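Taking it in order: structure first as structure tokens, then the write-up.
The values are calculated or read from the model by the stated rules, or taken from the named source; none is laboratory data. Just so it is clear, the model here is predicted, and its values are computed rather than measured. Here the Cβ positions follow ideal geometry from the backbone for every residue, glycine too, while neighbour counts run over all protein chains shown.
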Amino acid sequence: MDVKFISPILNVTNIVESFRWFETFGWTKGFEWGEPVGFGAVCSGEAQIFLCEGAQGGNGKGDNTTTFDSSGGECADKGVWMSIFVDNVNEIHQQCLANKLDVTFGPEDMPWGVREIHVRHPDGHVFRVGTSIAKSE
């Protein structure tokens with residue numbers, strides 16, 4: 001196998017609201033499809049995520065306030081978890097706070113050499129945004 005690209009598909013409750021949420025997260029709408037719109041994509045650099053309203057996978061936000069701690073918060077949401085690596089996670093953290101996104105963890109330096117935050121989509125999808133600690137020094 002020689003994979004050229006992978007595009008996760010996220011099940012979302014409301015695709016129009018999800019497009020808006022991703023814009024505040026720093027992504028742009030790639031395309032929308034259907035009448036009414038039920039499928040589309042958001043893009044950042046070379047990365048793309050498909051969004052599918054009410055189908056293809058699961059979602060669900062738990063009652064947890066954190067997604068990564070000893071209370072098992074990382075199992076409460078029923079959405080997809082994805083890791084995104086960026087040049088400066090601290091800048092992304094400030095952008096998320098300014099846009100009132102649900103930052104559920106961090107920023108924190110992890111023992112595996114990544115400084116990371118967790119940002120939760122309204123449908124329970126969790127984005128682990130990180131920077132190599134060596135790169136951020």
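Here's a check for you: in the stretch 4-25, which residue that is of a type in the set (A, V, I, L, M) and under 18 Å from S83 (Cα atoms) is farthest from the chain's Cα centre (by Cα)?
Result: I6.
Checking E91 against (1) more than 19 Å from G45 (Cβ to Cβ); (2) outside any strand (DSSP E or B); (3) free of Cβ contacts under 8 Å to residues at least 24 places away in the same chain, which test does it fail?
Against the list (1) more than 19 Å from G45 (Cβ to Cβ); (2) outside any strand (DSSP E or B); (3) free of Cβ contacts under 8 Å to residues at least 24 places away in the same chain, E91 comes up short only on (1).
Check whether at least one residue in the stretch 106-117 is part of a strand (DSSP E or B), aliphatic (A, V, I, L, M), closer than 26 Å to K4 by Cα and modelled with pLDDT of 95 or more, and report yes or no.
Filtering the stretch 106-117 for residues part of a strand (DSSP E or B) gives 106-109, 114-117.
This time we only want the ones that are aliphatic (A, V, I, L, M), so: 114, 117.
Those left that are additionally closer than 26 Å to K4 by Cα: 114.
This time we only want the ones that are modelled with pLDDT of 95 or more, so: 114.
Looking for residues that are part of a strand (DSSP E or B), aliphatic (A, V, I, L, M), closer than 26 Å to K4 by Cα and modelled with pLDDT of 95 or more, one finds at least one in the stretch 106-117, hence yes.
Among the residues of the stretch 15-58, write down those that are among the polar types (S, T, N, Q) and either surrounded by 14 or more Cβ atoms within 10 Å (Cβ to Cβ) or in contact with a Ser or Thr (Cβ under 6 Å, 6 or more places away or on another chain) (or both).
S18, S44, Q48
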